Structure formats: C-alpha cells, structure tokens
Amino acid sequence: SEPYSLLILPGDGIGPEVMAEVVKVIDWFQANRGLNFDVSHDLVGGAAYDAHGVPLADDTMARAQAADAVLLGAVGGPKYDQLDFSVKPERGLLRLRKEMDLFANLRPAQCFDALADFSSLKRDVVAGLDILIVRELTSGVYFGEPRGIHSDDNNPENEGGRVGINTQRYTSGEIRRVARAAFELAKRRGNKVCSMEKANVMESGILWREEVQWVHDNEYPDVELTHMYADNGAMQLVRRPQQFDVIVTDNLFGDILSDAAAMLTGSLGMLPSASLGAPMANGRPKALYEPVHGSAPDIAGQGKANPIACILSFAMALRYSFDQGDAAAELEQAVEKVLADGVRTPDLMGAQGGIQVSTAQMGDKIIAALAGG
Ligand code: NAD
Ligand code: IPM
Ligand code: MN
C-alpha cells in the first residue's frame, strides 16, 4: 500500500533521546506488521535556530503541511533563553500549531495500574483513571492581539515604566469547533464533557460557556455537559479526578490543567498528546503528535528521560492519522506490560523500587514486549 508520510522533528534536550526510541518502534511495526511509513527528519526549535537562525524554517513548515503526520520531541532549553522572543524555540512549535490550524489538542491522562502507587495521590484516587483533556490550541491568549512589551512613560506612577500586554480573545466559531471535537470524542468514551473557563471574571469565559452549551443543545443533546470554573477544576482534578471523562478548555487553562493531570499518572514523562485540525479531503485531519513534557534540560544528555510519552504519542498517531487502532492498542499494551514487569526510568523510581533502566533500555524492553518477549 501507499506509504504514510511521517515527518519527525526531534527538537532539543531530551527530544532527540526519546525520539530515537520511537524510531525503533516505527521500524518494528514496519518490519513486523506490514505498516509502510515514509519517514523523514528535520529540525525544529533551538536545533533549527542553530542551523538556520530561525526556530522553524519555511521549508520545514511546508514539509509539515504536506506530511500525513508530524511527530515532535520537545523544544527549548537554557541555551536559548536569552534569544529574542521572535526566534525562541517555542515560537517554532507555536508556528506549526497555528499554520497547520491544529485547534484540538488531545491530552489523555491514563493511570497504568502498575504506577498507581507511584502517583503523588493515593492509589484509590488514581487507579483506573482515564480522562481526556481537549485543549484549544490555536487561539486565546497565546495568539490574541494586541500583545507586546511597551513603554508606559506617560504613567509616572508605574515604577519601571513598562507594560506587558497579552489578549485573551476567542470567536464563537473557534469555541464551537473545539467543543464539537470534545463531544465527538466523548461519544466514543464515557459520554460526559466538562467545560472549564472563568465565566465569573472573563467575557471570553462567558462566550465560551454559552457556545459550548449551544453546540451541546443543538448537536449533542445526549452527551452529558457540565460547566466548571477552571480554578475549581484544578482543585477537583486533584481531589477526585475520576469524576471527569472529557474536559474541554481554552489554550492557557488547558496547558496548566494538563500538566497537573500528568502527575495523576505518575510522571510528566508518561503523557502523550495529539494536535488535530479539521478533516482534509482524504478524511484524515492534519496532525502533530508530541509528548506533553518539554526538553527537560535538567536531565538531558544523561539517558534518564522516559520515552513512554513520546512512544504513546506515536500510538495516538497510529489511531488518529493512520487508522491502525489495533496496532495502537498493541503498542499501549506493550508499554503496560513493561511497567507491570517493574521496568522503570528514574522518574518512575519511587519507594516501591523496580528495575531501573535508561531511555534506550526502556525502548528495547517495549520492543521486546511487542515481540512477545
Ligand atoms: P519540562 O517538561 O521540560 O520538565 C519539567 C520536569 O519534568 C523536569 O524536572 C524534567 O526533568 C521532568 N521531565 C519532563 N519530561 C520528562 C521525561 N520524559 N522523563 C523524565 N522526566 C521528565 O518543563 P520545563 O522544565 O518547564 O521546561 C524546559 C524547556 O522545555 C523550556 O524551554 C520550555 O519552554 C520547554 N517546553 C517545551 C515543550 C514542548 O516542546 N512541547 C513543553 C513544555 C516545555
Ligand atoms: C506545551 C508547552 C508549550 C505550550 C510551550 C513550549 C510553547 O508548554 O506544549 O504544553 O505552552 O503550549
Ligand atoms: Mn505545557
């Protein structure tokens, strides 16, 4: 069959380390399951800045637009912290999301049973946890205008004389399309959506609540919908996360709430994500898959990074871009088996102990589990 085109952007820090393990997994599926990928590699983030002076070259952007799916490791790091804002590594990632119009960011948080004792919360709070955060990804305060840092010289009361501006801005259409994505996903899971905003203090939050309710009433009346203020949502996520099925929220709240949800699963190194656009003519969405974590400068280059978030991101690609749900499940089960066997990267080593392995050894164990070993 026609190969699927897969563009791999390892990025910075632990990005290339975890991506190397994904490449092993891709090779395994090609060799053993008849999947056919046309894999190419390119630069993003600080790595692209070092080579081209920009965090994402136009040519790379074009290749991402043309690919069936993009897999990204992570971007950023202390080496680039002092760069001008416009060429910071993070801008490369944000450009990909914006220009590919990847408005629905799916961040599932599942607690594997083997890690239930490792979470910072009690076992009975997290065991069996399976929630999905749908984060709006191409609008809100991340992209709203006006923005910038300006002088505020006419205001003598302002010590320092500057003002920093960002704008939270949502159109009804932007809210409706991400709400639809959340309801569609909920129909295939627990049939419940909780929408989070701060309608008590923000007009954009009022619009958010009204439009999500509109999509519900007109298109998905059979899905259960509740609304929650995002601060309460943060508290409820930690108090009793199993009350949730699908959470839909804006770009900034989704960023924060998904990092919090990560710790319910044991480690930020466990959380995958899929960023999806509208379906194209071929019925498939434009898509970028990446772990929720960053470049982890504190452990980069030491073989300590947990590759599971990136590997599970590839499992999401198998499911959402390539229609390979069986292969995705097979990969997820291999990860589950390795964890059940007590195999642990350092981030997963707690009081319970386990067999400590490096990034590459974790990849090898997952391949062995796939092969039935
Ligand atoms: P981070 O996610 O990189 O790290 C937070 C903590 O989690 C660190 O202690 C790190 O060691 C640990 N951690 C993260 N991933 C891990 C993994 N796979 N295995 C084991 N431990 C892991 O967040 P940060 O430190 O706030 O940010 C570092 C850099 O990464 C910044 O430049 C930031 O902008 C960038 N960042 C990029 C992305 C992305 O590329 N999508 C996401 C978040 C942060
Ligand atoms: C994430 C990251 C990014 C974000 C940064 C690196 C731009 O934190 O993917 O969660 O804020 O969206
Ligand atoms: Mn984040």
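Values as computed for the structure displayed
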{"read-out": "Any hit, segment 64-73, residues being within 10 Å of ligand 1 (Cβ to nearest atom) and either buried (at least 22 other Cβ atoms within 10 Å of the Cβ) or of a type in the set (G, A, S) (or both)", "value": "yes"}
{"read-out": "Selection status of L370, over 24 Å from N36 (Cα atoms) and not small (G, A, S)", "value": "no"}
{"read-out": "Elements of type helices (runs of 4 or more DSSP H) contained in segment 273-373, each with 2 or more residues being under 21 Å from G92 (Cβ atoms)", "value": "308-320"}
{"read-out": "Selected residue (only one of A351, A281 is of a type in the set (G, A, S) and within 26 Å of R97 (Cα to Cα))", "value": "A281"}
{"read-out": "Unmet criterion (only one of (1) modelled with pLDDT under 95; (2) more than 16 Å from ligand 1 (Cβ to nearest atom)) for S267", "value": "(2)"}
{"read-out": "Flag if S258 is within 12 Å of ligand 3 (Cβ to nearest atom), crowded, with 19+ Cβ neighbours inside 10 Å and farther than 24 Å from V212 by Cβ", "value": "no"}
{"read-out": "Candidate set from segment 234-243 (those that are in contact with a Leu (Cβ under 7 Å, 6 or more places away or on another chain) and either outside any helix (DSSP H, G or I) or within 16 Å of ligand 3 (Cβ to nearest atom) (or both)); member that is nearest to Y170 (Cα to Cα)", "value": "A234"}
{"read-out": "Filter result for G77 (within 16 Å of ligand 3 (Cβ to nearest atom), farther than 28 Å from F183 by Cα and touching a strand residue (DSSP E or B) at 6+ places or on another chain (Cβ under 9 Å))", "value": "no"}
{"read-out": "Any chance V248 is away from ligand 1 (no atom under 16 Å from the Cβ), touching a residue at least 24 places away in the same chain (Cβ under 8 Å) and in a strand (DSSP E or B)", "value": "yes"}
{"read-out": "Residue within segment 229-245 that is within 16 Å of ligand 2 (Cβ to nearest atom), touching a Lys or Arg at 6+ places or on another chain (Cβ under 9 Å) and either over 30 Å from M349 (Cβ atoms) or of a type outside the set (A, V, I, L, M, F, W, C) (or both) present", "value": "yes"}
{"read-out": "Members of segment 188-203 that are assigned to a strand (DSSP E or B) and polar (S, T, N, Q)", "value": "S195"}
{"read-out": "Within segment 24-40, tally of residues that are assigned to a strand (DSSP E or B), loosely packed, with under 13 Cβ neighbours inside 10 Å and out of contact with any Lys or Arg (no Cβ under 9 Å at 6 or more places or on another chain)", "value": "1"}
{"read-out": "Scope segment 60-90; condition part of a helix (DSSP H, G or I), over 16 Å from the mean Cα position of the chain (by Cα) and in contact (Cβ under 8 Å) with a residue 12 or more places away in the chain; matching residues", "value": "T60, M61, R63, A64, Q65, A66, P78, K79, Y80, V87, P89"}
{"read-out": "Residue within segment 285-295 that is among the aliphatic types (A, V, I, L, M) and more than 11 Å from ligand 1 (Cβ to nearest atom) present", "value": "yes"}
{"read-out": "Selection count where residues are surrounded by fewer than 22 Cβ atoms within 10 Å (Cβ to Cβ), touching a residue at least 12 places away in the same chain (Cβ under 8 Å) and assigned to a helix (DSSP H, G or I), scope segment 98-123", "value": "4"}
{"read-out": "Qualifying residue in segment 350-369 (condition: at pLDDT 95 or above, of a type in the set (K, R) and crowded, with 24+ Cβ neighbours inside 10 Å)", "value": "no"}
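The values are calculated or read from the model by the stated rules, or taken from the named source; none is laboratory data. Just so it is clear, the structure is predicted and the values come from calculations on it, not from any experiment. Cβ atoms come from the backbone with ideal geometry, glycine included; neighbour counts cover every protein chain shown.
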